[in-house]
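The values are calculated or read from the model by the stated rules, or taken from the named source; none is laboratory data. A quick note: this is a predicted structure, and the numbers were derived from the prediction, not measured. Positions of Cβ are generated from backbone atoms using ideal geometry, with glycine treated the same way; all protein chains shown enter the neighbour counts. For accessibility, only protein heavy atoms count, side chains too; no ligands or nucleic acids. Shrake-Rupley method; radii C 1.70, N 1.55, O 1.52, S 1.80 Å.
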Amino acid sequence: LERAINCLSDGAIDVDSDALDMRPTQRKRKLRTPKTFNKATGNHSTTKYAFSINNWGSTTAFYVVSVKKKGDAFLRDMTSMARKLLKKSG
């Protein structure tokens with residue numbers, strides 16, 4: 001949830017409400033993360049914001065442990081706050 005909100009706030013992901021009505025193949029083409037320049041390879045790549053084990057694995061594992069410790073009420077409250085935030089921004 002945190003990673004998705006970060007990507008939305010950075011503008012890396014632009015979710016168009018029309019995309020929800022598309023077929024999965026059309027949606028996959030429409031909902032892509034932006035390409036960024038990779039200095040190591042000299043090419044443009046979409047992996048900077050990819051939800052991959054390399055990018056988010058260890059951070060997500062620590063996050064899951066932390067959320068589990070806080071309990072279900074915390075997760076409901078956090079999800080509710082995220083929904084309010086997304087409604088305000090768009």
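Quick one: would you say residue 39 is surrounded by 10 or more Cβ atoms within 10 Å (Cβ to Cβ), more than 22 Å from residue 84 (Cα to Cα) and modelled with pLDDT of 70 or more?
Answer is no for this residue.
For segment 14-26, what are the residues that are at pLDDT below 70 and either under 30 Å from residue 77 (Cβ atoms) or in a loop (DSSP other than H, G, I, E, B) (or both)?
14, 15, 16, 17, 19, 20
Being modelled with pLDDT under 85 and among the β-branched types (Val, Ile, Thr) is the filter; apply it to segment 46-90 and report the residue that is most open to solvent (accessible area, probe 1.4 Å).
53
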